[in-house]
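**Student:** Have a look at the structure that comes next, please.
The values are calculated or read from the model by the stated rules, or taken from the named source; none is laboratory data. For clarity, every value in this text was computed on a predicted model and none was experimentally measured. Backbone-built Cβ (ideal geometry, glycine too); neighbour counts: all protein chains shown.
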Amino acid sequence: MGTGEGAGLTGAERAEGRERVDPHARADWRGAPAWADAHGRWSPRPEPARPTEAARAVGELQGASYERNAFARGTEAEADELCARLALEPDHRLLDLGAATGRHSRALAARGCGRPVAVDLSHTALCAGVAREHDAATAAADRAAAVPPVQWVQADARALPLPAASVDAAVSLCQGGFGLTPDHDRAVLAELARVLRPGGRLALTAYSLAFAARFLAPEDALDLPRGLLHAPTEIRDAHGRDHPADHWSTCYSPAHLRDLLDAVGLETTGLWGWEPGAPTGRPPVVTDPELLVVAVRQASIREASI
Ligand SMILES: C[S@@+](CC[C@H](N)C(=O)[O-])C[C@H]1O[C@@H](n2cnc3c(N)ncnc32)[C@H](O)[C@@H]1O
């Protein structure tokens with residue numbers, strides 16, 4: 001029996017073309033991708049060449065039906081958690097990054113928790129959000145008069161059309177711009193640090209590496225050195241048709257996330273487990289699919305980091 005790729009497999013697995021990961025050949029941080037399935041077998045995957053386009057497909061295909069996703073039923077619970085964790089005041093300028101239809105923007109504005117600017121790449125999702133805001137205002141004209149309108153902006157998280165230090169708080173939830181590739185993530189955090197005022201707070205969710213590794217689905221693969229998950233999936237569009245899609249997610253340990261935030265001038269002040277639609281309100285455990293981190297923008301941030 002050899003020791004290279006293919007060693008230690010059953011005959012059927014070798015016939016399928018499966019290879020076992022050779023940790024010496026592939027576990028190089030900057031080297032070849034190390035995609036492996038739930039059994040540690042080499043599992044070739046496409047590289048996320050255009051991860052932003054793939055992420056935008058959710059908003060573009062689902063549009064108004066985005067809020068039919070099961071997790072959206074927990075929007076009010078999530079908004080309560082965000083309002084408390086960020087200590088939001090009615091006059092706070094609040095950035096909702098990767099907002100899609102702005103479900104958090106609208107829920108927070110309705111609570112008197114900030115004046116939101118909802119940013120997303122997807123024009124279709126933003127238009128659906130505008131329509132929902134209009135419908136809510138029409139249905140409750142007296143109450144809506146007191147709710148600050150959401151400002152809707154189509155833009156890329158890596159190049160926000162907002163001045164430096166212009167927002168009091170920011171949220172980025174459910175892969176709202178953050179969570180696509182390691183390089184992309186750093187660029188997004190640097191932009192968030194730039195637009196937050198000193199002392200301003202960020203609430204961000206990220207996929208948990210512990211969860212991804214423990215509960216890797218049979219069709220998924222994880223590149224452990226990069227913390228990158230590939231999950232072939234299907235997006236159901238507004239007409240009920242399914243579209244095959246590649247879904248990449250960066251996954252983090254709490255320590256790695258804290259270091260990345262720190263590198264751009266955002267100091268972590270709190271960390272909780274997060275289940276989309278059902279915030280846990282307690283420290284994370286390995287069965288939490290995501291992490292919620294709150295970080296404060298430091299008074300000065302190094303030029304090099306932004
Ligand atoms: C799964 S949705 C999450 C939406 C919302 N934050 C929520 O929790 O419901 C992810 C959104 O991020 C947007 N997005 C992905 N990459 C982005 C980028 N680089 N800049 C702006 N928006 C982005 C997508 O268009 C999509 O609407």
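**Student:** Could you list all residues from the range 89-108 that are crowded, with 24+ Cβ neighbours inside 10 Å and either of a type in the set (A, V, I, L, M, F, W, C) or away from the ligand (no atom under 13 Å from the Cβ) (or both)?
**Tutor:** Leu94, Leu95, Leu97, Ala99, Ala100, Leu108
**Student:** Of Ala84, Ala54, which residue is within 23 Å of His247 (Cα to Cα) and either at pLDDT 95 or above or surrounded by fewer than 19 Cβ atoms within 10 Å (Cβ to Cβ) (or both)? Don't jump to the end; show me each part of the working.
**Tutor:** Values: Ala84 fails: within 23 Å of His247 (Cα to Cα).
Just a single option satisfies the conditions, and that option is Ala54.
**Student:** Run down Gly199, Gly176 and say which single residue is on the phi < 0 side of the Ramachandran plot and either modelled with pLDDT under 95 or more than 11 Å from the ligand (Cβ to nearest atom) (or both).
**Tutor:** Values: Gly199 fails: on the phi < 0 side of the Ramachandran plot.
Selected residue: Gly176, the only one of Gly199, Gly176 that is on the phi < 0 side of the Ramachandran plot and either modelled with pLDDT under 95 or more than 11 Å from the ligand (Cβ to nearest atom) (or both).
**Student:** Could you pull out every one of the strands (runs of 3 or more DSSP E) wholly within the range 47-158 that has 2 or more residues that are in contact (Cβ under 8 Å) with a residue 60 or more places away in the chain?
**Tutor:** Working: elements: 93-97, 115-120, 151-154.
Filter on the range 47-158 gives 93-97.
**Student:** Restricting attention to the range 295-306, and to residues there that are surrounded by fewer than 21 Cβ atoms within 10 Å (Cβ to Cβ) and touching a strand residue (DSSP E or B) at 6+ places or on another chain (Cβ under 8 Å), which single residue is modelled with the lowest pLDDT?
**Tutor:** Initial filter on the range 295-306 (surrounded by fewer than 21 Cβ atoms within 10 Å (Cβ to Cβ)): 296, 298-306.
Add one more test, that the residue is touching a strand residue (DSSP E or B) at 6+ places or on another chain (Cβ under 8 Å), and what stays is 296, 298-300.
On the way: Val296: 98, Gln298: 96, Ala299: 93, Ser300: 81.
Of everything passing the filter in the range 295-306, Ser300 is modelled with the lowest pLDDT.
Results for (1) touching a helix residue (DSSP H, G or I) at 6+ places or on another chain (Cβ under 7 Å); (2) under 17 Å from Arg197 (Cβ atoms), shown as yes or no for each residue.
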| position | (1), (2) |
| --- | --- |
| Glu89 | no, yes |
| His92 | no, yes |
| Gly98 | no, no |
| Arg103 | yes, no |
| Arg106 | yes, no |
| Arg111 | yes, no |
| Gly114 | yes, yes |
| Gly129 | no, no |
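**Student:** Mind checking which residues of the range 183-196 are touching a Ser or Thr at 6+ places or on another chain (Cβ under 7 Å) and within 10 Å of Pro163 (Cα to Cα)?
**Tutor:** Val195
**Student:** Taking interchain pairs and intrachain pairs at least six residues apart, which have beta carbon atoms under 6 angstrom, with the first residue in the range 162-180 and without any contact (Cβ under 8 Å) to a residue 40 or more places away in the chain and the second near the ligand (Cβ under 8 Å from one of its atoms)?
**Tutor:** none
**Student:** Taking only the range 163-173 into account, find how many residues are more than 9 Å from the ligand (Cβ to nearest atom) and under 27 Å from Phe71 (Cβ atoms). Talk me through it step by step, then tell me what you get.
**Tutor:** Keep residues of the range 163-173 that are more than 9 Å from the ligand (Cβ to nearest atom), which gives 163-170.
Going one step further and asking which of them are under 27 Å from Phe71 (Cβ atoms), we end up with 167-170.
Residues in the range 163-173 being more than 9 Å from the ligand (Cβ to nearest atom) and under 27 Å from Phe71 (Cβ atoms): 4 in total.
**Student:** Just the residues that are hydrophobic (A, V, I, L, M, F, W, C) and within 13 Å of Gly179 (Cα to Cα), please, taken from the range 198-211. Before you say what the answer is, go through the steps one by one.
**Tutor:** Going residue by residue through the range 198-211, those that are hydrophobic (A, V, I, L, M, F, W, C) are 202-204, 206, 209-211.
Within the range 198-211, Leu204, Ala206, Leu209 meet the criteria.
**Student:** Also, I was wondering about something else. With respect to the numbered conditions (1) closer than 30 Å to Ala64 by Cβ; (2) surrounded by 16 or more Cβ atoms within 10 Å (Cβ to Cβ), which one is the sole condition not fulfilled by Gly273?
**Tutor:** The single condition Gly273 does not satisfy is (1).
**Student:** Only residues that are surrounded by fewer than 20 Cβ atoms within 10 Å (Cβ to Cβ) and not charged (D, E, K, R): list them for the range 109-120, please.
**Tutor:** Matches in the range 109-120: Ala110, Gly112.
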